[in-house]
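Student: Sharing a structure here in C-alpha cells format.
No lab work stands behind these numbers, since they all come straight from the coordinates. Given the structure is predicted, the values throughout are model-derived calculations rather than measurements. A quick note on method: Cβ atoms are made from the backbone with ideal geometry, for glycine too, and the neighbour counts reach across all protein chains shown.
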Amino acid sequence: MAEKTGADSYFDARNKKLEKQVLDPNPNSHQIGGEHYREANKNYQHWDLVADYGMNYFIGNMTKYVCRWRKKGGVKDLEKAKHYLEKLIDLERGGYADPPARSRELDDATKFCDDQQLAPPEREIIIKAITYWTVPDLLFIHAELEKLIREA
C-alpha cells in the first residue's frame, strides 16, 4: 500500500470534520414529517426492522405502508403497499427479484409489531413479508391486503 502524503492527511482530517458536521449521530432521535413511526417506540423504528431483516426495496416499502396506514395515510397507504407488492410479484415471476434474507429469528419483528400495536392482519402481513419464500406467499399477502382495503 502506498504511503500517505500530506494531501491524504489533509483530506482525511477534512472528511472527519465534515462527517461530524453533516451526519446526525442518532437518526432515530427525530422524524421528518410526523411521528407515526416513533409514537410507540423511539428506539426501534420501521427502518431498523428493514435493516435488521435485510428487506428488499419492495418489501421495505410495502411493510412501511402497512405499518402506518391507520396512523397516517388510510386506505391510500394500503393501496400503495399493494402496488409495491404487485411489482415484487412481477419481478419474482420474471426471476428478477433478489432472494429474501433469512438470517434472523422473528423475535425483533414480533416485538416491533407489539410496540407498534399492529392489529392481527397487519402483524400477519409483516411476518409473512419477512419470511416469504415463493410467489404463492406473496399472493397470500396480496389477498390479505385486498381484504384490509375492503374492510377499511
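Student: Starting with the highest mean, order 77-88, 131-142 by the number of other Cβ atoms within 10 Å, averaged over the residues of each peptide.
Tutor: In descending order of packing, they fall as 77-88, 131-142.
Student: What pairs in Lys87/Lys147; Lys80/Lys147; Lys16/Lys64; Lys76/Lys111 have C-alpha atoms more than 23 Å from each other?
Tutor: Lys16/Lys64; Lys76/Lys111
Student: Using θ = phi - 60° and the Karplus relation 6.51 cos²θ - 1.76 cosθ + 1.60, list the HN-Hα couplings for the range 78-91 in order, rounded to whole Hz, with x at every Gly or Pro.
Tutor: Each residue of the range 78-91 in turn: 5, 5, 5, 4, 4, 5, 4, 5, 4, 5, 5, 4, 4, 5 Hz.
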